[in-house]
């Protein structure tokens, strides 16, 4: 019997309405983050993960000037057990990060550590952390477990580092955190770092010369060397009695924005969380839920490889894409141009942009809300006018106080892995810009094989940071070894919370280190026309090893006006050269009669 077509259609409709099973939704496709990103899953054997990370550390432990970059990312879950903890050692150009929406979504039972480098006696002597640069740890929990380690190593989770190293969005418990490695032969020195948005156990500062902890919680903090600053930290030590101990403590952070982070949502889709800018903050941003901000799907990003040219990247940015830089070294012959408001540029694994043909590797228009994070920028063989420029020096810039352009964990190098030349490293012309942890470095050592005199005339960097915009805030500004002013701040209503500077080691003679008739260039200069400026916790250090007879008249130079105020500043001699005064002719000399003994000014004026 022939069945009418209308009956067949009606029957099919009825069956569908009755709930015929639909095809299963396929799992989301993971983005291709390139060969230098390794993603771990909690289902993987812990021995396999341990072996992968051990091999990575072996390759990167001494690779200070190398080109290898890598990120190791952990999907939500637990890694390691009480009996078999995961014990991670972090080398150069290595990022360790969780892929959870909250730091509590990824748990490591074990440790994530950095130890001293021992540079003599076959790796047993002259042990220090002074050059433990360029590594990142973020967005996870650590239940400290030292099973299998000796008595000293079992006493803490060690994070013995210096500049260009950040700890962000961490939840550490079960043991102490030490910012020095006291388990090796001496001298055990360490020289600076940065913590933000983290909940921490008792912290041993140890030999750390300068450190900023921002918007965090600490169960305790012991000792300090020269320049220890806390901003918006629950449990921070009181600054009463400064400089003994040398603490500078602000109850809240005036302007903050946490660094963007990559995470996977409940469906396994990759997203980037872009935290919102906030004012007068204190404590962690994730205490009561997800960090305030916006979420961008990974599909909104152009995922770049080192083989992609700036022209390719700029076309994607012009189409409205954000930019994710996968780990590696990018040669930038034409500047990467960020022109749209609220564009995000996020680097993984210390992605590095190198200037070619005198380019400005990263040029940000004077627009609000741009976020640049996790990027290292190197000078090239031909002199660049700048390495990162924010806004136009002579032109219209558009800004918003509630949505500042933000630089997070942005690092600069002039020399080191190769010859570098630039007029300025970081140039900020726009208003309402936030610099949240930057190390701006003209190299005092490297693989070029130069004598100090050769380095002075070959690795050229006149100014480290030049701030021309108004209402610029810096939380953690480290600038070192430039040939004129390391930092010159011309904009009004500026604020710096922790400033660290070493003057250049390598001027050949006093004649090479003159600012007109003035001996030397101050490490921190506030422009003569500035009416309002605040600095909390600043240090300028001298080590004129190339010519110990060289003098610098002032560590700090500022206009004499009531609105320009410096709180807790110091100079110190590291064994060569002299800084005659701390600020504007005030303060005793930091000379070789008091090596390692800071000269402090509590408040100026």
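Quick notes on this structure:
- The residue list 106, 90 contains one member that is in the same structural domain as residue 45 (by TED's automatic domain parsing), under 20 Å from residue 167 (Cβ atoms) and without any contact (Cβ under 8 Å) to a residue 40 or more places away in the chain, which is 106.
- Within segment 181-202, the set of residues being under 16 Å from residue 154 (Cβ atoms) and buried (at least 24 other Cβ atoms within 10 Å of the Cβ) comprises just one member, 181.
- Some residue of segment 536-555 being at positive phi and assigned to a loop (DSSP other than H, G, I, E, B): no
- Sole residue being closer than 23 Å to residue 184 by Cβ and in a loop (DSSP other than H, G, I, E, B), chosen from 148, 110: 148
- Checking each residue in segment 237-273 for being under 16 Å from residue 475 (Cα atoms), in a loop (DSSP other than H, G, I, E, B) and without any contact (Cβ under 8 Å) to a residue 40 or more places away in the chain picks out 251, 252.
- Per the conditions (1) assigned to a loop (DSSP other than H, G, I, E, B); (2) in contact with a strand residue (DSSP E or B) (Cβ under 8 Å, 6 or more places away or on another chain); (3) over 26 Å from residue 260 (Cα atoms), the sole criterion not satisfied by residue 461 is (1).
- Hey, residue 492 under 26 Å from residue 346 (Cβ atoms), assigned by TED's automatic domain parsing to the domain that holds residue 520 and touching a strand residue (DSSP E or B) at 6+ places or on another chain (Cβ under 9 Å) or not: no
- Residue within segment 360-372 that is outside the structural domain of residue 466 (by TED's automatic domain parsing), in a strand (DSSP E or B) and closer than 28 Å to residue 473 by Cα present: no
- Of the residues making up segment 122-145, those that are on the phi > 0 side of the Ramachandran plot and either free of Cβ contacts under 8 Å to residues at least 12 places away in the same chain or surrounded by 23 or more Cβ atoms within 10 Å (Cβ to Cβ) (or both) are 122, 123, 134, 139.
- Qualifying residue in segment 52-69 (condition: part of a strand (DSSP E or B) and either in contact (Cβ under 8 Å) with a residue 40 or more places away in the chain or farther than 20 Å from residue 172 by Cβ (or both)): no
- Search result, residues across segment 332-352 that are modelled with pLDDT of 95 or more, farther than 19 Å from residue 263 by Cα and touching a helix residue (DSSP H, G or I) at 6+ places or on another chain (Cβ under 9 Å): 332, 333, 335, 336, 337, 338, 339, 340
- Taking the conditions (1) loosely packed, with under 15 Cβ neighbours inside 10 Å; (2) outside the structural domain of residue 108 (by TED's automatic domain parsing) in turn, residue 41 satisfies each one other than (2).
- In segment 580-605, the residues that are touching a residue at least 60 places away in the same chain (Cβ under 8 Å), crowded, with 17+ Cβ neighbours inside 10 Å and within 18 Å of residue 225 (Cα to Cα): 598, 600
- Residue 471 being modelled with pLDDT of 95 or more, closer than 24 Å to residue 397 by Cα and buried (at least 19 other Cβ atoms within 10 Å of the Cβ): yes
- Which listed residue is farther than 15 Å from residue 332 by Cα and buried (at least 23 other Cβ atoms within 10 Å of the Cβ), from 433, 375, 419: 433
- Of 531, 525, all but one fail to be under 26 Å from residue 413 (Cβ atoms), modelled with pLDDT of 95 or more and out of contact with any helix residue (DSSP H, G or I) (no Cβ under 7 Å at 6 or more places or on another chain); the exception is 525.
- Residues being touching a strand residue (DSSP E or B) at 6+ places or on another chain (Cβ under 6 Å) and more than 18 Å from residue 258 (Cβ to Cβ) - total across segment 385-409: 6
- Hey, residue 504 crowded, with 24+ Cβ neighbours inside 10 Å, in contact with a helix residue (DSSP H, G or I) (Cβ under 8 Å, 6 or more places away or on another chain) and either under 14 Å from residue 558 (Cα atoms) or assigned by TED's automatic domain parsing to the domain that holds residue 380 (or both) or not: yes
The values are calculated or read from the model by the stated rules, or taken from the named source; none is laboratory data. It should be emphasised that the depicted structure is a prediction, and the values quoted were computed from it without experimental measurement. Using ideal geometry, Cβ is built from the backbone for each residue, glycine included, and neighbour counts are taken over all protein chains shown.
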